[in-house]
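Chemist: Take this structure first; my questions come after.
The values are calculated or read from the model by the stated rules, or taken from the named source; none is laboratory data. Quick caveat, the model's predicted, so the values are computed rather than measured. Cβ placement follows ideal geometry from the backbone for every residue including glycine, while neighbour counts extend to all protein chains displayed. Keep in mind that these areas ignore ligands, DNA and RNA; they rest on the heavy atoms of the full protein, side chains included. Shrake-Rupley method; radii C 1.70, N 1.55, O 1.52, S 1.80 Å.
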Amino acid sequence: MVRPQFSQLDEAGRLRHFLTTEGLCRETLTDILDTAESFAAVGKRAVKKVPLLRGKTVVNLFFEPSTRTLTTFELAAKRLSADVMNINLRRSATVKGESLLDTLRTLEAMHCDMFVVRHASSGAAHFIARNVAPHISVMNGGDGRHAHPSQALIDVFTLRRHKPDFSKLRVAIVGDIAHSRVARSQINTLLTLGVREVRIVAPRTLLPPVPEALGAKVCLSLEEGLRDVDAVMMLRIQHERIQGPLLPSIHEYFQCYGLTEKKLAVARPDAIVMHPGPLNRGVEIDSEVADGPRSVILQQVSHGIAIRMAVMSMILGRRNGVEEPG
Amino acid sequence: MVRPQFSQLDEAGRLRHFLTTEGLCRETLTDILDTAESFAAVGKRAVKKVPLLRGKTVVNLFFEPSTRTLTTFELAAKRLSADVMNINLRRSATVKGESLLDTLRTLEAMHCDMFVVRHASSGAAHFIARNVAPHISVMNGGDGRHAHPSQALIDVFTLRRHKPDFSKLRVAIVGDIAHSRVARSQINTLLTLGVREVRIVAPRTLLPPVPEALGAKVCLSLEEGLRDVDAVMMLRIQHERIQGPLLPSIHEYFQCYGLTEKKLAVARPDAIVMHPGPLNRGVEIDSEVADGPRSVILQQVSHGIAIRMAVMSMILGRRNGVEEPG
Amino acid sequence: MVRPQFSQLDEAGRLRHFLTTEGLCRETLTDILDTAESFAAVGKRAVKKVPLLRGKTVVNLFFEPSTRTLTTFELAAKRLSADVMNINLRRSATVKGESLLDTLRTLEAMHCDMFVVRHASSGAAHFIARNVAPHISVMNGGDGRHAHPSQALIDVFTLRRHKPDFSKLRVAIVGDIAHSRVARSQINTLLTLGVREVRIVAPRTLLPPVPEALGAKVCLSLEEGLRDVDAVMMLRIQHERIQGPLLPSIHEYFQCYGLTEKKLAVARPDAIVMHPGPLNRGVEIDSEVADGPRSVILQQVSHGIAIRMAVMSMILGRRNGVEEPG
């Protein structure tokens, strides 16, 4: 089993923190997806609640505001019957001159069980995981302009529900590959789970210096990238990128790399289209595609709750001796 | 049965949304009042909780801040054992350039069950109700300077507890009839439920152009309006109105239309006084009346929780096959 | 039994409000500590929840922001299964011109059970307790730059866990005695519970005019104050004090009164060190001491939850006929 430098796994190879999808083996990834499958059903029941994490305390430690992400984690924790505390650290912690570590120590002493960390810099969740007490688990709730690490899981979960046999699939990832950690995570996860071919599609300015090192096929034109694919994963173009030097104009980007029904015609007829949201309509994706029959974008939102419930319950439920949702 | 243009009722004539009291027939209104009656008792029990909406998710979608209203809806939902999410949309939704409809779609995909909408413009709740997925119900939490549509229900519920035989009652509604949608809603509800006589009392500047069209008796003087009434429903004078051209001065308004014990002497000895709160003491109502023995203003606050619990449970509880509180 | 002017006890001498530790007799103090003992165990269980306050509503009425305090009370109430409402009154109440008393009346009418009051001026919780309806209890969540009244209880609880025989103990309280109401409360509580000797240690400028009136031994030097003590209770130096005329400089204060391992050497070898947090490292306490083996500072944080659960359950649980945690 591949293990990252600082391990998010315990000695038995089970999830202790959830910081990144990198380094997770096929068995662990499949375990998460299978657990999420049982929670996806919970969301459609009249009573959308399971008592798995009753008496556990999940603390949302948000260093930057993100209503959408906060809502997702809060809902996931509440549907597992956990108590949820939302702490906005921009306003509070350092106001009284208390250091971050003292704040963490204080929350640990309050017998909390999990910190969901949202921070503008990407190392924050790792730093906190490395410094928390043994009874605390850390879940990465996203690090600034990078996407959330759970996004790759949401994407493969959605893909698996539509196309269960990964060995036959061609998947295109389109957009700002260079500045999106989610792309790297997606490629890695898709390849670990045995997807036949992964392509990355972007202009040179939005590709890393050595794109081939990612293990995916590099395509500079969208037409080449989309030909015969079974799924398209669009990346969100960040606003700071739009006004920056790497993109000449929104109009030109949309012309070349924006996903339209017309461009999608070269993909397989049953290809599905994904996007992590929120959408930049008319920038990376046309409304006709986003709201069209091939779009599974809103399913991804639903699956986001299921994936977060799965990871939370695998990490915290296990400590009760309860490993599977009822 | 009278039906509004966009129906808040389903095919069977049962509540699907709760947007306005207009168009609700006598049976539906009585059904809400009877259900609220059982919840009014819950508030006085040691354990103020019923499991009716366990596993349901109620989202407070507030486009403008209103602590008092938010508290009422949050308490009502929690006492029904629902999970409650408070989302302040001023700060969040459009920050990332996401449209309102995309935000609604996202929340729908998270398997929420009800949106309580609070917005400055009066069409907002209707607009959202018209655009949500079939599994979502919308409750109007108030539209700006207009009162909340549940207010008329709270008032008739309070009236019924004190004076159950509506066929004998005379009720006066006093204040800014022209700019208050609650007055129209009160008149309509009172007449639908068979109240003998409804009067509206205001200066010409605070009456609509054709006040008689409302179906109530128009009184320009408070003395005429209050004579022999069984109940007085005071309207709140909005601050923007106080400084505007329609009212010469607070002092003069209070002299002519402010409710004092002295002016109340012409009403029936057992007349009750209502006000939706928050009070403008010394503007539309004197403290002696507001805090006096005929005031049922704080009962209205309690009943506000019961009415909201009733409507929430009738809309959401029914979907479980559970139609009555236990 | 000593009774304060406005009694926080009912006729039977049991807690009805919790406003201050002053005036609480030995039996009541011991009752709180014993109840907290059972809750301290709850925090370490896999399911950290007891159903004692199910169906009760606790309202956090915060007139000034304090994330740390709010978190503690919210966690305590949630672990007792109460519903919790957080109301930020700076933004809301008076915005619409509603008086504080009208706001209280409104919350009472919503059938809430307890107000936790946090306010910048020290009389606020007493004022509210004096004015609430009989079914509401008030808990003082801290009054501005003074510490929370529960702090003395947390300290003696922590002390008792380490040194159960109070009759043998010498305890030093170090810091801004003059401006800290917690010091007075600590001295009073320690003496009521039979501690052998209480010392107060501070420069003249941070002592009250007649320090002997507090009933403790006055020490101007830290060395004299710490000699042979069993416990040291550090007070937090407020930032406004640091820049004020009473302290020449942080450096000089730390030199004379900051607690270091070296200065602590004169205390008993098994002496414990307490601090209410948040820490001013390098001002009143050295990191080596704060993070060292004699520090019980993080235990105090844990005990803060247990003490608040104890007081809440003694006040509210009793009303159900349930007096002891299960």
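Chemist: Take C:F63 and decide whether it is open to solvent by 10 Å² or more (accessible area, probe 1.4 Å) and assigned by TED's automatic domain parsing to the domain that holds C:A124.
Modeler: On the way: open to solvent by 10 Å² or more (accessible area, probe 1.4 Å): yes; assigned by TED's automatic domain parsing to the domain that holds C:A124: yes.
Yes, satisfied.
Chemist: Looking only at the stretch B:71-81, count every residue that is open to solvent by 10 Å² or more (accessible area, probe 1.4 Å) and more than 9 Å from chain C (Cβ to nearest Cβ) and tell me the total.
Modeler: Residues that pass the stated criteria total 1.
Chemist: Kindly indicate whether C:T21 is open to solvent by 10 Å² or more (accessible area, probe 1.4 Å), among the polar types (S, T, N, Q) and outside any strand (DSSP E or B).
Modeler: On the way: open to solvent by 10 Å² or more (accessible area, probe 1.4 Å): no; among the polar types (S, T, N, Q): yes; outside any strand (DSSP E or B): yes.
Against the criterion (open to solvent by 10 Å² or more (accessible area, probe 1.4 Å), among the polar types (S, T, N, Q) and outside any strand (DSSP E or B)), C:T21 does not qualify.
Chemist: Out of curiosity, is C:P203 open to solvent by less than 40 Å² (accessible area, probe 1.4 Å), over 24 Å from C:K262 (Cβ atoms) and in the same structural domain as C:I187 (by TED's automatic domain parsing)? Walk me through how you get there before you give the answer.
Modeler: On the way: open to solvent by less than 40 Å² (accessible area, probe 1.4 Å): yes; over 24 Å from C:K262 (Cβ atoms): no; in the same structural domain as C:I187 (by TED's automatic domain parsing): yes.
The answer is no for C:P203.
Chemist: Name the one entry in A:A178, A:A172 that is assigned to a loop (DSSP other than H, G, I, E, B), more than 18 Å from A:T72 (Cβ to Cβ) and in contact with a helix residue (DSSP H, G or I) (Cβ under 6 Å, 6 or more places away or on another chain). Outline the logic, then answer.
Modeler: Working: A:A172 fails: assigned to a loop (DSSP other than H, G, I, E, B).
Within the list A:A178, A:A172, the selection yields A:A178.
Chemist: Something else: A:A109 fails exactly one of the following numbered conditions: (1) in contact (Cβ under 8 Å) with a residue 40 or more places away in the chain; (2) more than 22 Å from the chain's Cα centre (by Cα). What is the number of that condition?
Modeler: It fails just one condition, (1).
Chemist: Then there's this: Would you mind finding the one in C:A41, C:A46 that is part of a loop (DSSP other than H, G, I, E, B) and free of Cβ contacts under 8 Å to residues at least 40 places away in the same chain? Reasoning before the result, please.
Modeler: Working: C:A41 fails: part of a loop (DSSP other than H, G, I, E, B).
After ruling out the rest, the residue left standing is C:A46.
Chemist: For the stretch B:32-55, give me each residue that is more than 7 Å from every other protein chain (Cβ to nearest Cβ), farther than 18 Å from C:A133 by Cβ and not β-branched (V, I, T).
Modeler: B:L33, B:D34, B:A36, B:E37, B:S38, B:F39, B:A41, B:P51, B:L52, B:L53
Chemist: Next up: Using the structure shown, decide if C:N140 is under 30 Å from C:L107 (Cβ atoms) and in contact (Cβ under 8 Å) with a residue 60 or more places away in the chain. Before the answer, list the steps.
Modeler: Numbers: under 30 Å from C:L107 (Cβ atoms): yes; in contact (Cβ under 8 Å) with a residue 60 or more places away in the chain: yes.
So C:N140 passes the test.
Chemist: Would you please name the residue that is farthest from the chain's Cα centre (by Cα), looking only at residues in the stretch C:149-169 that are farther than 21 Å from C:L24 by Cα and outside any loop (DSSP other than H, G, I, E, B)?
Modeler: Looking at the filtered set, the residue picked out is C:K168.
Chemist: Determine whether A:T57 is hydroxyl-bearing (S, T, Y), at pLDDT 95 or above and open to solvent by less than 10 Å² (accessible area, probe 1.4 Å).
Modeler: Details: hydroxyl-bearing (S, T, Y): yes; at pLDDT 95 or above: yes; open to solvent by less than 10 Å² (accessible area, probe 1.4 Å): yes.
Against the criterion (hydroxyl-bearing (S, T, Y), at pLDDT 95 or above and open to solvent by less than 10 Å² (accessible area, probe 1.4 Å)), A:T57 qualifies.
Chemist: Further, regarding this structure: May I ask you to list the residues in the stretch A:265-288 that are open to solvent by less than 40 Å² (accessible area, probe 1.4 Å) and facing chain B (nearest Cβ under 10 Å)?
Modeler: A:G277, A:P278, A:L279, A:N280, A:V283 - these are the residues of the stretch A:265-288 that are open to solvent by less than 40 Å² (accessible area, probe 1.4 Å) and facing chain B (nearest Cβ under 10 Å).
Chemist: Further, regarding this structure: Can you name the residue in the stretch B:254-264 that is within 12 Å of B:S295 (Cα to Cα) and open to solvent by less than 20 Å² (accessible area, probe 1.4 Å) and, of all such residues, is farthest from the other protein chains (Cβ to nearest Cβ)?
Modeler: If we filter the stretch B:254-264 for residues that are within 12 Å of B:S295 (Cα to Cα), which is where we start, we get B:259-261, B:264.
Within this subset, residues satisfying the condition of being open to solvent by less than 20 Å² (accessible area, probe 1.4 Å) are B:259, B:264.
Values: B:L259: 16, B:L264: 20 Å.
Result: B:L264.
Yes/no matrix, rows are residues, columns are (1) open to solvent by less than 20 Å² (accessible area, probe 1.4 Å); (2) closer than 20 Å to B:A46 by Cβ; (3) away from chain B (no Cβ under 13 Å); (4) not small (G, A, S):
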| position | (1), (2), (3), (4) |
| --- | --- |
| C:L101 | no, no, no, yes |
| C:L107 | yes, yes, no, yes |
| C:V117 | yes, no, yes, yes |
| C:A124 | yes, no, yes, no |
| C:A129 | yes, no, yes, no |
| C:S137 | yes, yes, yes, no |
| C:N140 | yes, no, yes, yes |
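Chemist: Sticking with this one: For the stretch C:233-277, name all the residues that are part of a helix (DSSP H, G or I) and under 26 Å from C:R170 (Cα atoms). Spell out how you get there, then give the answer.
Modeler: Of the residues in the stretch C:233-277, the ones part of a helix (DSSP H, G or I) are C:239-242, C:250-257, C:261-264.
Residues satisfying the conditions are C:Y253, C:F254, C:Q255, C:C256, C:Y257, C:E261, C:K262, C:K263, C:L264.
Chemist: Here are some residues: A:I250, A:I272. Which one is over 16 Å from A:A183 (Cα atoms) and more than 20 Å from the chain's Cα centre (by Cα)?
Modeler: Details: A:I272 fails: more than 20 Å from the chain's Cα centre (by Cα).
Criteria check complete, one pass: A:I250.
Chemist: Condition first: under 13 Å from the mean Cα position of the chain (by Cα) and of a type in the set (V, I, T). Now tell me which residues in the stretch B:177-207 satisfy that.
Modeler: Selection gives B:V182, B:I187, B:T189.
Results for (1) charged (D, E, K, R); (2) in contact (Cβ under 8 Å) with a residue 40 or more places away in the chain; (3) buried (at least 18 other Cβ atoms within 10 Å of the Cβ), shown as yes or no for each residue.
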site	(1), (2), (3)
C:S185	no, yes, yes
C:N188	no, yes, yes
C:K217	yes, no, no
C:V229	no, yes, yes
C:L235	no, yes, yes
C:L246	no, yes, no
C:E252	yes, no, no
